[in-house]
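Written below as structure tokens is the structure these notes are about.
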Amino acid sequence: MSHDHDDRPQLTAAQAAAVLNPPAGRNGGDLVVETLQGLGATTVFGLPGQHALGMFDALRRSSLRYVGLRVENNAGFAADAYGRITGEVAPLLLSTGPGALTSLAALQEAAAASAPVLAISSQIPSAGLGGGRHGYLHELRDQQASVRDIVKSVHTVRTASQIPSAIAAAWESALTAPHGPVWVEIPQDVLLAETTLPVVSAMDATPRELYPRPELTIAAAHLLSNAERPVIIAGGGVVRSDASGKLRALAEKIDAPVVTTFGGKGAFPWEHPLSLRSWLEDRHTTDFLEDADVLLVVGSGLGELSSNYHTFRPRGRVIQIEADAGKLESNHPALGIHSDAREALADLLEAVERREDPDAAERVRTVLEKVRVRIEAQDLTLEQQVLAAVREALPDAAPSFWDMTILAYWAWSGFDARRPNTMHSAQGAGGLGYGFPAAIGAAAADPTKPVLAVSGDGGAMYSIAELATARQYDLPLTWLIVDDGGYGILREYMTGAFGETTGTELARPDFVALAESFGVPAVRTSPESLAADLSKALAAPGPSVVVLRALLRMFEPTHL
């Protein structure tokens with residue numbers, strides 16, 4: 001069989017000489033960083049460890065920018081945010097055993113949020129692999145077993161020549177819809193062994209596109225075109241696939257109200273006449289969604305939070321567009337369309353017939369007014385004041401990263417994200433400590449915009465070490481710490497369930513003095529001065545901390 005090589009790049013004489021005479025002193029670690037460069041990476045996150053030193057030594061011979069955090073889990077959160085903000089793969093360099101395991105909670109969040117993180121971990125020397133008990137430092141019987149339930153794919157390297165192919169395959173997996181974290185592991189001796197392989201040049205790892213099947217698009221378009229009360233739920237998949245423009249065009253073409261999930265914040269304009277906003281934990285919204293005769297769910301699995309804790313019972317036909325095949329019809333029977341949200345919305349937009357509903361905007365206003373009255377009746381002025389102050393201070397284009405804290409739970413429902421892909425939280429996996437290290441990743445991705453992190457005092461203690469990282473790299477981020485002396489939401493849950501609390505009250509440091517000890521300017525604020533203090537901090541160069549001592553409460557749930 002003959003092959004046509006005419007379309008392959010031709011090497012110049014100088015390039016050919018470089019291939020035949022690669023520079024001396026290179027090792028497996030160099031092949032790692034050369035491959036990452038060839039795939040288009042510019043920034044890597046991580047933390048060095050004994051078995052991974054071959055990779056880290058090679059970084060200084062590369063053009064890659066290294067952002068080193070103080071805890072592997074925080075490095076994972078930073079990579080997660082970098083992937084979300086840029087839509088590009090975020091390499092995360094880890095060491096064996098404890099280092100690898102410490103990253104797992106961050107990788108779980110990346111999986112839940114479809115963030116393309118490429119974790120490259122070292123392994124014990126090749127001679128120790130296979131499950132025997134050799135007694136190597138950091139040894140696990142099966143390190144891959146610890147990550148398999150979390151990541152999209154696992155790629156193992158046994159020889160230096162396998163490194164470029166393994167990393168390229170993982171890269172492609174991370175960027176194939178749905179995006180997600182992937183895992184590559186390379187033994188210590190392979191990373192350290194000298195190599196005479198040519199320098200890795202440009203690599204091709206083009207992700208597979210995920211298109212909707214045409215017969216499903218036709219069926220969905222027919223249902224929507226002929227619906228009497230269509231409604232759209234827009235999830236994180238709309239944000240991840242940069243499909244907010246298509247979503248708006250479709251909603252306006254068929255006059256369908258739109259509610260965004262907490263992961264889909266910013267996917268639809270907050271003040272649009274068809275915007276139901278994000279009040280998913282509200283029975284008025286749930287009732288409205290149940291009353292739809294055709295419900296289009298885009299980029300959401302309708303999980304616990306998006307279904308008002310599984311109290312949502314749709315009565316009409318459900319159309320579900322989802323890139324993760326495992327989420328299709330996982331909670332409700334539907335016309336399931338396995339597709340990237342952008343591609344499916346583009347096809348639907350062409351296929352649907354225009355329908356007009358002069359009452360749609362009024363029905364939306366009615367629901368939002370019912371929600372407003374319900375919240376107003378609960379005497380929660382402080383909480384609304386604090387949330388409004390954050391919105392006032394934060395520039396529209398500035399990204400924000402919210403930890404698992406009461407103010408974030410308010411923001412999920414009541415914060416106007418204003419732009420797609422600007423508001424992010426750890427609501428996928430729900431682990432503490434996300435906000436500040438994620439903000440570091442976003443600031444590394446785009447240092448031209450200020451970045452806001454929001455944490456409670458409990459969650460803040462997970463990430464205090466990263467004040468040193470923010471200072472070291474002089475990143476433009478502001479950390480708002482809402483200090484209520486404990487795990488506030490758990491305090492509420494336990495009080496509601498048992499009448500008293502256990503383990504929720506915390507001795508806390510003087511956060512202002514603590515930040516200043518890292519060389520990070522900090523200020524104590526009040527609800528009245530929060531907007532001004534936050535605005536000033538966000539406008540200043542470099543990192544800063546704003547501490548608000550306040551006891552915030554949650555609005556009453558409607559699912560109980």
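The values are calculated or read from the model by the stated rules, or taken from the named source; none is laboratory data. Everything numeric in this text was worked out from a predicted model, so none of it was measured. So basically every Cβ, Gly included, is an ideal-geometry build from the backbone, and we count neighbours across all protein chains shown. Keep in mind that these areas ignore ligands, DNA and RNA; they rest on the heavy atoms of the full protein, side chains included. Shrake-Rupley method; radii C 1.70, N 1.55, O 1.52, S 1.80 Å.
A few remarks follow.
- The GluC sites (Glu not before Pro) of the range 318-411 that meet both conditions, a loop assignment by DSSP and at most 10 other Cβ atoms within 10 Å of the site Cβ, are GLU356.
- Against the chain, whose longest principal axis comes from its Cα atoms, helix 341-351 is set at around 50 degrees.
- With semi-axes defined as the square roots of five times the eigenvalues of the C-alpha gyration tensor, the equivalent ellipsoid of the range 112-244 measures 42, 18, 11 Å, largest first.
- Rounded to the nearest 20 debye, dipole of the chain from Cβ charges on Lys, Arg, Asp, Glu: 540
- Cα-centred dipole magnitude for the range 264-398, charges only on beta-carbon of K, R (+1) and D, E (-1), debye, nearest 20: 200
- Inter-centroid distance (Cα atoms) of the range 365-423 relative to the range 217-283, Å: 19
- Over all Cα atoms in the range 327-449, the spread is summed up by Rg and Dmax: 18.7, 47 Å.
- Positive-end extreme of charge dipole, the chain - chosen from MET461, SER62, ALA417 (charges on Cβ): SER62
- Charge dipole of the range 163-244 about the Cα centre (unit charges at C-beta), most positive-ward option of ILE163, ALA205, VAL190: ALA205
- Accessible area per residue was computed with a 1.4 Å probe on protein heavy atoms; GLU304 scores about 110 Å².
- Surface accessible to a 1.4 Å probe, MET461 within the full protein complex, Å²: 100
- Accessible surface ranking that places the most exposed of PHE518, PHE511 first, with a 1.4 angstrom probe: PHE518, PHE511
- Accessible area of the chain divided out per residue, in Å², using a probe of 1.4 angstrom: 41
- Net charge contributed by nearby residues that have their C-beta within less than 10 Å of VAL294 (K/R +1, D/E -1): 0
- Inverse mean reciprocal Cα-Cα distance (Kirkwood Rh) of the range 196-290, Å: 15.7
- Accessible-area ranking of THR381, THR495, largest first, probe 1.4 Å: THR381, THR495
- Computed across the range 3-137, the Kirkwood hydrodynamic radius from all distinct Cα-Cα pairs reaches 16.6 Å.
- Mean residue ellipticity, 222 nm, helices only, the chain: the sum of -39500 (n - 2.57) across DSSP H runs of n ≥ 4, divided by residue count and rounded to 500, is -11000 deg cm²/dmol.
- Taking every alpha-carbon pair in the chain and binning the separations at 10 Å intervals from zero gives 4, 17, 25, 24, 18, 9, 3, 0 percent.
- As a ratio to 2.2 N^0.38 Å, the alpha-carbon radius of gyration for the range 156-215 is 1.45.
- Its alpha carbons give the range 401-560 an Rg and a Dmax of 15.5, 48 Å.
- The chain - share of DSSP beta bridges that are antiparallel (%, nearest 5): 5
- Stretch in the chain that is longest and holds no trypsin sites (Lys or Arg not before Pro) that DSSP places in a loop and that have at most 15 other beta carbons within 10 Å: 355-560
- Note on surface exposure: PHE498, PHE401 rank PHE498, PHE401 by accessible area, highest first, 1.4 Å probe.
- Here the Kirkwood formula, the inverse mean of 1/r across different C-alpha pairs, assigns the range 8-76 a hydrodynamic radius of 13.7 Å.
- Working note: Debye formula, equal point scatterers on the alpha-carbon atoms of the range 508-560, no solvent; log10 I(q)/I(0) at q = 0.15, 0.26, 0.28 Å⁻¹ is -0.52, -1.03, -1.12.
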